[in-house]
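The values are calculated or read from the model by the stated rules, or taken from the named source; none is laboratory data. What you see is a predicted model, and the numbers here were worked out from it, not measured in a lab. Here the Cβ positions follow ideal geometry from the backbone for every residue, glycine too, while neighbour counts run over all protein chains shown. Accessible surface areas use protein heavy atoms only, side chains included; no ligands, DNA or RNA. Shrake-Rupley method; radii C 1.70, N 1.55, O 1.52, S 1.80 Å.
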Amino acid sequence: MLLNQTTGGAMSMIIMYVVVFGAIIYFMTIRPQKKQQKEAEAMHASMQAGDSVLTTSGFYGVIIDIMDNTVIVEFGNNRNCRIPMTKDAIAAVEKPNLTKTEEE
């Protein structure tokens, strides 16, 4: 009888450790990753033609056209350097600054 009580107490202790470890893993890895993914989706949804972008490979460019999952980005001053890429290749978006004369 004493052996069964000890084994039951040990099992409940193991289960408690597994639950606590699972919660720690969730709050330290899965939850921040989902938050970052939602922020990236919001950034991609707010992109417009004319926005300055930074690609994941480190190139700066300007969005020329946006299709479903593809954007056409113009790099440098050369108008012939337009490259289509997926939205996932965009790491950061910077909206153009509007002056008071442009807003009116």
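Quick rundown of the values:
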{"read-out": "Choice from ALA49, ALA91, ALA23 with maximal GNM fluctuation in the chain (Cα, 10 Å cutoff)", "value": "ALA23"}
{"read-out": "Choice from TYR17, TYR60, TYR26 with maximal GNM fluctuation in the chain (Cα, 10 Å cutoff)", "value": "TYR17"}
{"read-out": "Heavy-atom accessible area ranking, 1.4 Å probe, most first, across ASP68, ASP88", "value": "ASP68, ASP88"}
{"read-out": "Summed residue charge, Cβ within 10 Å of GLU74's Cβ, Lys/Arg positive, Asp/Glu negative", "value": "+1"}
{"read-out": "Residues of the range 32-104: accessible area per residue with a 1.4 Å probe, Å²", "value": "75 Å²"}
{"read-out": "Protein-only accessible surface order, largest first, of THR86, THR56 at 1.4 Å", "value": "THR56, THR86"}
{"read-out": "Estimated FRET transfer efficiency when R0 is 35 angstrom, pair ARG82-PHE27 (beta carbons, to 0.05)", "value": "0.20"}
{"read-out": "SER52 accessible area, assembled protein chains, probe 1.4 Å, Å²", "value": "50 Å²"}
{"read-out": "P(r), alpha carbons of the range 30-104 - 5 Å bins starting at zero, rounded %", "value": "3, 15, 25, 22, 15, 11, 6, 2, 1, 0"}
{"read-out": "Extension gain from SER52 to ILE64, taking 0.36 nm per residue of separation minus the Cα-Cα distance", "value": "3.3 nm"}
